[in-house]
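Notes follow the structure.
The values are calculated or read from the model by the stated rules, or taken from the named source; none is laboratory data. The shown structure was predicted, so the numbers you read here are calculated from the model rather than taken from an experiment. All accessible areas refer to the heavy atoms of the entire protein, side chains included, with ligands and DNA or RNA removed. Shrake-Rupley method; radii C 1.70, N 1.55, O 1.52, S 1.80 Å.
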Amino acid sequence: RQGFDIPDAAIKAGFEKLRFGGRLEELAPGLWADGAHNEHGTAALAAWLKDRPRPKSRILLGGMGSGRDPKAVITPLLPYFD
């Protein structure tokens, strides 16, 4: 629609290389970052954590804006952190 002729293979290759920083990103061995900021995001993070080997300890560091319900956002994660 914009006048660009982009082959489907190029679009597919672009999506295969796409990544979202802060979305289950390993910053260093054993140090993970995730941008989950609502109930749906933390539920997805909890589902991912459920299938991961549990290290000796897990520490959660979080922050959120004043418009969020901390209890609703954090509750799905509680079983997976010390």
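Annotations for the structure displayed:
- When its C-alpha radius of gyration is set against 2.2 N^0.38 Å (N residues), the chain gives a value of 1.47.
- In degrees, nearest ten, helix 39-50 long axis to first principal axis of the chain (Cα): 80 degrees
- Residue separation of residue 25 and residue 47 scaled by 0.36 nm, minus their Cα-Cα distance, works out to 6.4 nm of gained length.
- Surface share of carbon and sulfur [accessible, 1.4 angstrom probe, percent] for the chain: 58 percent
- Rel. contact order, % - alpha carbon contacts under 8 angstrom, at least six apart, the chain: 25 percent
- Based on protein heavy atoms only, the range 1-67 ends up with 88 Å² per residue of surface accessible to a 1.4 Å probe.
- Angle between the chain longest axis and helix 8-17 axis [Cα atoms, degrees, rounded to 10]: 30 degrees
- The length gained on full extension between residue 12 and residue 38, counted as 0.36 nm times the residue separation minus their Cα-Cα distance, comes to 6.4 nm.
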